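Q: Here it is, the structure in full.
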Amino acid sequence: MVAAVRTGSDESRAADLLATLSHSARGSSDAYLATARATLQALMTRPDLLDGVALKRRPGGYARNLLFGRGGISVWAMVWSPGASTSVHDHHCSCCFGVWKGAIREVWFRPIGPAEAVATADATRMQGYVACMMPTGPNLHQIVNPGTEEAISIHVYGFDHEVHASSVRTEYRVLAA
Ligand SMILES: [Fe+2]
């Protein structure tokens, strides 16, 4: 279940946190988001979270590492090499993430067509930052690592990794505002 999550003597606590998350996903969306946020906030304070995990990396890009998947929830460690960038995309499921190491830049967009968008906001997310979004709310963004250091974020998605390839619903073309 959480075999990929190495947390030393606290491994059972991490397993409990993630099991709670999976259970809570079957309840209301508000309860789930509160649990997901609290879980991520706890994980962000654990420097040993990824000890022993053989993380994949992609020079110039980002690599997804599945840590846990059960009950329609999947938890991933995203490793962002310097210069890495996602497409501009939205999500078909809930998406919660926390910055575990380093800093990333998040750019938000507004859709102006079925697959066209304009940028609306831009922020740097530092280590410890946690955010949640639902598919019913604003969730159109892009993540970039513009720095010279690697960054790692932990993502909790409301999708079954054995059913969906990713959380992305639509990728957008960016038009000038
Ligand atoms: Fe995303």
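The values are calculated or read from the model by the stated rules, or taken from the named source; none is laboratory data. This is a predicted model, so every value here is computed, not measured. Cβ: placed from backbone, ideal geometry, glycine included. Neighbour counts: every protein chain shown.
Q: Looking at the structure I just gave you, is W80 touching a Phe, Trp or Tyr at 6+ places or on another chain (Cβ under 6 Å) and within 23 Å of L43 (Cβ to Cβ)?
A: Answer is yes for this residue.
Q: I've got another one for you. Name the one entry in F159, F109 that is touching a strand residue (DSSP E or B) at 6+ places or on another chain (Cβ under 8 Å) and modelled with pLDDT under 95.
A: F159
Q: Right, something else. Restricting attention to segment 161-177, which residues are more than 16 Å from the chain's Cα centre (by Cα) and within 12 Å of the ligand (Cβ to nearest atom)?
A: Passing the criteria: T170, E171, Y172.
Q: Looking at R57, R64, R70, R37, which one is under 21 Å from H161 (Cα atoms) and modelled with pLDDT under 85?
A: Going through R57, R64, R70, R37 in turn, just one is under 21 Å from H161 (Cα atoms) and modelled with pLDDT under 85: R70.
Q: Would you check which residues across segment 34-63 are closer than 16 Å to G158 by Cβ and touching a residue at least 12 places away in the same chain (Cβ under 8 Å) and list them?
A: The answer is T35, A36, R37, T39, L40.
Q: I'd like the full set of residues that are closer than 18 Å to G69 by Cβ, assigned to a loop (DSSP other than H, G, I, E, B) and within 15 Å of the ligand (Cβ to nearest atom), limited to segment 127-160.
A: Those that are closer than 18 Å to G69 by Cβ, assigned to a loop (DSSP other than H, G, I, E, B) and within 15 Å of the ligand (Cβ to nearest atom): G158, F159.
Q: Given the structure, is G128 touching a helix residue (DSSP H, G or I) at 6+ places or on another chain (Cβ under 6 Å) and surrounded by fewer than 15 Cβ atoms within 10 Å (Cβ to Cβ)?
A: So G128 passes the test.
Q: Right, next: Give segment 89-116 a look and list any residue that's surrounded by fewer than 22 Cβ atoms within 10 Å (Cβ to Cβ), in contact (Cβ under 8 Å) with a residue 60 or more places away in the chain and hydrophobic (A, V, I, L, M, F, W, C), or say none. Walk me through how you get there before you give the answer.
A: So the first thing to find is which residues in segment 89-116 are surrounded by fewer than 22 Cβ atoms within 10 Å (Cβ to Cβ), and the list is 89-93, 101-103, 105-108, 110-116.
Filter again for in contact (Cβ under 8 Å) with a residue 60 or more places away in the chain, leaving 89-93, 111-112.
Within segment 89-116, C93, I112 meet the criteria.
Q: Against the conditions (1) touching a Lys or Arg at 6+ places or on another chain (Cβ under 6 Å); (2) modelled with pLDDT of 90 or more; (3) hydroxyl-bearing (S, T, Y), where does S22 fall short? Just the number, please.
A: Here S22 meets the rest and fails (2).
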